[in-house]
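Since the structure comes first, as structure tokens, the remarks are kept for the end.
The values are calculated or read from the model by the stated rules, or taken from the named source; none is laboratory data. This is a predicted model, so every value here is computed, not measured. Every residue, glycine as well, gets a Cβ built from its backbone with ideal geometry; the counts of neighbours run over all protein chains shown. Remember, those area values only see protein heavy atoms, side chains included, never the ligands or the DNA or RNA. Shrake-Rupley method; radii C 1.70, N 1.55, O 1.52, S 1.80 Å.
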Protein chains: 2
Amino acid sequence: MASHSPPLDALVVPSEDYHQSEYVSARDKRREFVSGFSGSAGLALITKNEARLWTDGRYFLQALQQLSDEWSLMRMGEDPLVEVWMSDNLPEEANIGVDSWCVSVDTANRWGKSFAKKNQKLITTTTDLVDQVWKSRPPSEMSPVVVHPLEFAGRSVSDKLEDLRAKLKQESVAWLYNIRGTDVAYCPVVHAFAILTTDSAFLYVDKKKVSDEANAYFNGLGVEVREYTDVISDVALLASDRLISSFASKTVQSEATKDMEIDADQHDRLWVDPASCCYALYSKLDAEKVLLQPSPISLSKALKNPVELEGIKNAHVRDGAAVVQYLVWLDKQMQELYGASGYFLEAEASKKKPSESSKLTEVTVSDKLESLRAAKEHFRGLSFPTISSVGSNAAVIHYSPEPEACAEMDPDKIYLCDSGAQYLDGTTDITRTVHFGKPSAHEKECYTAVFKGHVALGNARFPKGTNGYTLDILARAPLWKYGLDYRHGTGHGVGSYLCVHEGPHQVSFRPSARNVPLQATMTVTDEPGYYEDGNFGIRLENVLVVNDAETEFNFGDKGYLQFEHITWAPYQVKLIDLDELTREEIDWLNTYHSKCKDILAPFMNQTEMEWLKKATEPVSVSA
Amino acid sequence: MASHSPPLDALVVPSEDYHQSEYVSARDKRREFVSGFSGSAGLALITKNEARLWTDGRYFLQALQQLSDEWSLMRMGEDPLVEVWMSDNLPEEANIGVDSWCVSVDTANRWGKSFAKKNQKLITTTTDLVDQVWKSRPPSEMSPVVVHPLEFAGRSVSDKLEDLRAKLKQESVAWLYNIRGTDVAYCPVVHAFAILTTDSAFLYVDKKKVSDEANAYFNGLGVEVREYTDVISDVALLASDRLISSFASKTVQSEATKDMEIDADQHDRLWVDPASCCYALYSKLDAEKVLLQPSPISLSKALKNPVELEGIKNAHVRDGAAVVQYLVWLDKQMQELYGASGYFLEAEASKKKPSESSKLTEVTVSDKLESLRAAKEHFRGLSFPTISSVGSNAAVIHYSPEPEACAEMDPDKIYLCDSGAQYLDGTTDITRTVHFGKPSAHEKECYTAVFKGHVALGNARFPKGTNGYTLDILARAPLWKYGLDYRHGTGHGVGSYLCVHEGPHQVSFRPSARNVPLQATMTVTDEPGYYEDGNFGIRLENVLVVNDAETEFNFGDKGYLQFEHITWAPYQVKLIDLDELTREEIDWLNTYHSKCKDILAPFMNQTEMEWLKKATEPVSVSA
């Protein structure tokens, strides 16, 4: 920092890669390398004499565990924003460095505004300073580009291009090519940039990743493949040539790509999505010729086509079958190895101890779950690191167990499992919380409150135009009655054989959840929770699809929407205080369980089916 | 408009008076005079060849009834905003006139921005053009200023002044004098402006309204009374003299006054509340010396002191007694005169016809209600025109019956009564919807949905910091399940012997409901509804007080809040489909009814008490 020109007073290390991705490849985990904190969201700040890490409520516990004493944790939502802290605490005229490839236009502009108060400057570092000191930085991924077949993509690239080029005249969007890859763990994407103009389409990717077949595919589509590193010079060229063109900067994610694009009425302007385009590319442009506006691309991607919807639902059925098979297996293991009373019986364990070699840990059981998923058709990998967590680890919202340092399974403690997979036809995400012994009255009370919130959101009907900010309270209100809450959003979109976290909509108390209303054919998770530090955590999560609702009336001719649950796995009735449920909730539970049984039956062997029947038996309100 | 200098292309006639009030005196009803539309909210626009009236969802029906064919109704929330419409439809460089006393700084600035696109200009008219053509304009109110006694105000003026002057050093606020008047119907205020500085306090009021006693009172407080019309010259003087001072512009409403005030760190700046200060006063100031920010005064007023809270609760008990006595009387009349089956029995009326002289109309029955209220201690008048509405009139959300043109009572139709009164110790606001014959299944279904929303909001618990925008959906979600909704907010603050509609908080889908969180000691109404044009309307309304909640847990150490109902009158069980209620809702209804009976008992004679006992009998869930 001192030898940089100009010398830096502070260095910001964001967690994003050149494509502003949430999940990044090992080589791009710069923030984890400098801080030791491995959560998916966070920002490190290194000044001359201290180091601070900002992260959100999901990660407070994990960060405290992973950060060394040199680091101070800054809690987002409680402590000052990073730009406010820098402006308040760094000296006048401080130089604050950042690798401008790793920061979005939005972020850079927001910081710039905050810095102006004290004449501080955001300095684009000449190279990434972290990379310079990172001796053992993993090599680049060289995974090939794989064409995503129409059978699963639902819409051809030519069709998408044609549609978008037609729209270019009106509202101009960039769109990308039905391709997938494995550059990044858990998200089947390829590191690439793309530029789409009214006449041409460019793909910037390491050419070593593009097979002859893939090249032929791109040629057939009229897509010109160019070298990844050429994007910066091409952008400059585009800008200076005032081409009628638009370009996108993003890890290629089929339609997931955010874009820069032109305003068709003013052919010399380029439309840049400030949230997804990196500052490095933006800074090559003449600001006057740029239209900074959110891109409609992410909405197009969020609205699933019929083939995608069918695929996602099918993937969730196979995935639910794997989860039930896992629970059956785990129930048996817990009883045999640990003397647990089991999934159905509410009694203390007999305190059996397994031999050292047959011990079950958070990691070994989640490996079993992965193997059950891997046996399912179209499996392509997990959609995120499985959160397999026992007791107090379950209170770490995005806990990720490590083989060497994870907890052993315990029949006296709650077990929370949040997991998902990538299938060729869809991406899944499911959380169930179970207890194989005797849960405490308090644990049952909390599980019941979380369940009530989960059902209230899932059962909601709402007029078109309603956003996830408005709906968020439905999942929280039952918890609030007890003075309980959770420090994370309630739902995110889920990709179609793409990233498990997908925008632009969300269900959350965050103001950004107001930007985009929920719309028919969107996917969204429903995942309230409750976390008691040092004790236990509870979360229940299903993926929902937004559908048109057939309401009895249609006041204001607005049209109403409702959710369809597409995740299939039972809730553990033992953890529900049935007396606290309304008849509507009881009815919903029985209907859901009955469907679970029927839908998953084809995948079950006899033992599994017996377990599933028992787990989905109808319950009734106590007198 | 043509002879004005400069000539005007359009004239805006807002509904506000010089103090940006919601309820204005007869003399200030300029918008009603020009358009014929008498609702409390709306804006008229007159151009060279057309006339348009903007109003909100509460008034769509009423406006259609009242506007002549020359007027076009512009539906707020559906049609373009007035400033957008003007900018889109009026010519380039159009001169758009307005009386700048009747428009807030906020509004004038917002319009100005919109007009800039086409070089249109907002022209401050030299006089009010409406007043010029209004031959029969009512004379000025000359009601005296009445000191509001400490016994009801709860906090002395000196105490408030001292507190605020102390705060002036920090955040500077203006505050006013415990006084009331009757310049405006329904809201016990005096037309006045006020200026508070660190050393002085000025009251601008027509001196004819100030009795010798009131003068002595002001002298004792160190408040200098100055002539109402002097405010404009004094403001100019203050501005040019760069005094350490602040001034407020508002109908005097005890602490209700919004303010302009200084930033203590920069003694030459004046803090102006852009939402409540009129543009005329603001325009006398040098914009560079003005700090445009919402005033904290309205929050101070919304947080009730213990004396005010006790008074408001007592007033609501007496008011509830009057409402029950009214229902008992009305029930008897409907049976005797119209052969109605009555409040309790669900059966068709026997179609009796009363003699012409004994006919009951919406107006005659509401006169009876007023007389019952007037007999109660501390009664000072109604808090707004009673909405007494039969059948399809109940679908006109802010219907106001006229003696000559109102409907007759009808035992076969729903009757909605939204009413309230001013008592020396508090202001009330209550709505009940009843049927004295056989309601249709559809009416019961809708009443039940409204009731569920009303209970869901009233029973909510929520962490501190939650605003009414977030809570609004709780009252709507049960209606949304059926595809029902209502075109108005769910709740407003209620003054303490002041205006019945009071900010700064509200429960609503409107973005402004996000500005101020609900806080302990605030009052707020809980009034969802459902309106079927041409058929019937349903609304249920109680006033709630925000209290600290004693929750079982306190996640995040946030502290939780809950509501206390302070309105007392039964709901008509005959209109509720009990099968649709949860046990929680049934329990709530029984508890509320039981309290109603006990709290109102001291006011009831024997007949009334028998009726009340029957109306509040516990109900049970059907098997």
Residue hits (the stretch A:579-610; open to solvent by 30 Å² or more (accessible area, probe 1.4 Å) and within 14 Å of chain B (Cβ to nearest Cβ)) are A:Asp579, A:Glu580, A:Arg583, A:Glu584, A:Asp587, A:Trp588
Being surrounded by fewer than 16 Cβ atoms within 10 Å (Cβ to Cβ), in a loop (DSSP other than H, G, I, E, B) and free of Cβ contacts under 8 Å to residues at least 40 places away in the same chain is the filter; apply it to the stretch B:527-560 and report the residue that is farthest from the other protein chains (Cβ to nearest Cβ).
-> B:Glu550
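Conditions tested, residue by residue: (1) of a type in the set (S, T, N, Q); (2) modelled with pLDDT under 85.
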residue	(1), (2)
B:Asn109	yes, yes
B:Lys117	no, no
B:Thr126	yes, yes
B:Val130	no, no
B:Val147	no, yes
B:Glu151	no, yes
B:Ser158	yes, yes
B:Glu162	no, yes
Among residues of the stretch B:519-574, those that are under 24 Å from B:Ile414 (Cβ atoms) and aromatic (Phe, Trp, Tyr), counted | 5
Within the stretch B:447-466, restricting attention to residues that are more than 11 Å from every other protein chain (Cβ to nearest Cβ) and among the hydroxyl-bearing types (Ser, Thr, Tyr), which residue is surrounded by the fewest Cβ atoms within 10 Å (Cβ to Cβ)?
-> B:Thr448
Of everything in the stretch B:21-52 that's assigned to a helix (DSSP H, G or I) and among the small types (Gly, Ala, Ser), which residue is modelled with the highest pLDDT?
-> B:Ser35
Evaluate the stretch B:360-381: report whether one residue or more is within 23 Å of B:Lys574 (Cβ to Cβ), touching a Leu at 6+ places or on another chain (Cβ under 8 Å), buried (at least 24 other Cβ atoms within 10 Å of the Cβ) and of a type outside the set (Val, Ile, Thr).
-> no
Can you confirm whether the stretch B:505-512 contains a residue that is part of a helix (DSSP H, G or I) and of a type in the set (A, V, I, L, M, F, W, C)?
-> no
Quick one: in the stretch B:391-416, which of the residues that are assigned to a strand (DSSP E or B) and buried (at least 24 other Cβ atoms within 10 Å of the Cβ) is nearest to the chain's Cα centre (by Cα)?
-> B:Leu416
Got at least one residue in the stretch A:83-101 being small (Gly, Ala, Ser), out of contact with any Cys (no Cβ under 8 Å at 6 or more places or on another chain) and outside any helix (DSSP H, G or I)?
-> yes
If you go through B:Tyr18, B:Tyr59, the only one that is in the same structural domain as B:Trp85 (by the TED database), part of a helix (DSSP H, G or I) and either under 27 Å from B:Pro504 (Cα atoms) or open to solvent by 40 Å² or more (accessible area, probe 1.4 Å) (or both) is B:Tyr59
Might you check whether a residue that is within 14 Å of chain B (Cβ to nearest Cβ) and either buried (at least 23 other Cβ atoms within 10 Å of the Cβ) or of a type in the set (Phe, Trp, Tyr) (or both) occurs anywhere in the stretch A:426-446?
-> yes
Residue check, A:Lys304 against (1) in a loop (DSSP other than H, G, I, E, B); (2) under 30 Å from A:Ser383 (Cα atoms); (3) more than 25 Å from the chain's Cα centre (by Cα), all met but one. Which one?
-> (3)
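Looking at B:Ala520, is it assigned to a loop (DSSP other than H, G, I, E, B), more than 14 Å from chain A (Cβ to nearest Cβ) and in contact with an Asp or Glu (Cβ under 6 Å, 6 or more places away or on another chain)?
When the stated conditions are applied, B:Ala520 passes them.
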Candidate set: the stretch B:467-484, residues that are within 11 Å of chain A (Cβ to nearest Cβ) and open to solvent by less than 10 Å² (accessible area, probe 1.4 Å); chosen: the one nearest to A:Phe563 (Cα to Cα) = B:Gly483
Residues of the stretch B:436-482 being touching a Pro at 6+ places or on another chain (Cβ under 8 Å) and free of Cβ contacts under 8 Å to residues at least 40 places away in the same chain, which ones?
-> B:Ala456, B:Trp480
Among what's in the stretch A:344-394 and is touching a helix residue (DSSP H, G or I) at 6+ places or on another chain (Cβ under 8 Å) and among the β-branched types (Val, Ile, Thr), pick the residue that is nearest to A:Asn314 (Cα to Cα).
-> A:Thr386
Applying the selection to the stretch B:62-88, what residues are among the polar types (S, T, N, Q) and surrounded by fewer than 19 Cβ atoms within 10 Å (Cβ to Cβ)?
-> B:Gln65, B:Gln66, B:Ser68, B:Ser72
Kindly provide the set of residues from the stretch A:485-514 that are more than 11 Å from every other protein chain (Cβ to nearest Cβ) and of a type in the set (Phe, Trp, Tyr), ordered by number.
-> A:Tyr497
Can you spot a residue in the stretch A:561-578 that is among the aromatic types (Phe, Trp, Tyr) and within 12 Å of chain B (Cβ to nearest Cβ)?
-> no
